[in-house]
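Worksheet for the structure shown next.
The values are calculated or read from the model by the stated rules, or taken from the named source; none is laboratory data. Please read these numbers as outputs of a predicted model, since none were measured by experiment. A quick note on method: Cβ atoms are made from the backbone with ideal geometry, for glycine too, and the neighbour counts reach across all protein chains shown.
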Amino acid sequence: MKQTVIAVLAGGTSSEREVSLSSGLACAIALARSFPTRMFDVTAESLPAGLEAGTHVVFSTLHGTFGEDGGMQRLLDAAHLHYAGCDAISSALTMDKTRTKETVSARGVRVAKAILFAGDAKPSVETVVGQLGEKLIIKPNAEGSSVGLSVVSNRTELGTALSKISSGSWMAEQRIFGRELSIGVLDGKAAGVVEIRPKSGIYDYTSKYTKGASEYFAPAPLDGGLTAAVVSDAETAYEACRCRDYARVDFMLSEQNELYLLEINTLPGMKETSLLPMSARCMGLDFTALVREMVTPALRRFHAAASTEP
């Protein structure tokens, strides 16, 4: 029998390529402590050369479009390659912020009011303000890492933000003021709650990737009732969107202590200092143990399929 090799996919073609390369390298090094591992740099919207269904179990760290929206997952399924993480349908659903909010809202998870619009058919400033007020977040409907996010405080800023948009799918979302929280879910069970305190007041791309721009508290200083609410809503959202193996769920806790789901990340940042690893450390899982846990269900599927082959 051939030796099973973990194939770490990194890079990709999205605006998050550099973030993905960092995640991939960190995960490849950690996985290599437990399994034969090879890293693949994905440079096109296709499977990298050298992947073999009978040898490789894929661990993708591709962020953003193609990697996280079901595109790569569909190619892996077509090639009969087993992979860790959400399948193509769940990946496509969770990449779409509006569909995610509709899905989890139907299960009782609170979400902020929002308007979905096309870049070439923008609503007027008065229409947006009339429905949502002036304190807003404007962001792409299907991007990660806070790419393209704008914070709006009045009509003038909203007009400026809208004027910069000409294509794509976007959302205007009522801004929730309060505390930003994140929690990992591993095989359906929530880990520890992490609180993010960006020094700028908003957790945008700069706050995420500039050293010292944000403070993190893991576990978050919450009372037992609030912690239980985050855990419950995260597990409900994960199940509602039919996630598999792992995901990271992000929330805002309002000044009135109401919990609002922001989004579900099916392929979150995976450096040792990233949010999902922070959440896992609250449960006693170091980075090496975490990536081993994340890939184990895919290995089980791989070996189960192999045992039924003639």
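Some observations on this one:
- Residue match in the range 42-63 (condition: of a type in the set (D, E, K, R), farther than 21 Å from residue 305 by Cα and modelled with pLDDT of 95 or more): yes
- Identity of the residue in the range 144-174, at pLDDT 95 or above and assigned to a loop (DSSP other than H, G, I, E, B), that ends up farthest from residue 110 (Cα to Cα): 154
- Condition broken by residue 190, with the remaining ones in (1) surrounded by fewer than 20 Cβ atoms within 10 Å (Cβ to Cβ); (2) modelled with pLDDT of 95 or more; (3) touching a Ser or Thr at 6+ places or on another chain (Cβ under 9 Å) satisfied: (1)
- Taking the criterion of being more than 18 Å from the chain's Cα centre (by Cα), on the phi < 0 side of the Ramachandran plot and surrounded by fewer than 20 Cβ atoms within 10 Å (Cβ to Cβ), the residues of the range 260-300 that qualify are 282, 283, 286, 288, 289, 292, 296, 297, 299, 300.
- Enumeration of residues in the range 74-116 that are part of a loop (DSSP other than H, G, I, E, B) and under 18 Å from residue 138 (Cβ atoms): 96, 112, 113
- Check on residue 228, outside the structural domain of residue 59 (by TED's automatic domain parsing), among the aliphatic types (A, V, I, L, M) and surrounded by fewer than 17 Cβ atoms within 10 Å (Cβ to Cβ): yes
- Checked against the criterion of being on the phi > 0 side of the Ramachandran plot and not hydroxyl-bearing (Ser, Thr, Tyr), the range 114-124 contains not a single residue that satisfies it.
- Selected residue (criterion: surrounded by the most Cβ atoms within 10 Å (Cβ to Cβ)) from residues of the range 18-40 that are over 21 Å from the mean Cα position of the chain (by Cα) and not hydrophobic (A, V, I, L, M, F, W, C): 37
- Qualifying residue in the range 41-49 (condition: among the polar types (S, T, N, Q) and within 16 Å of the chain's Cα centre (by Cα)): no
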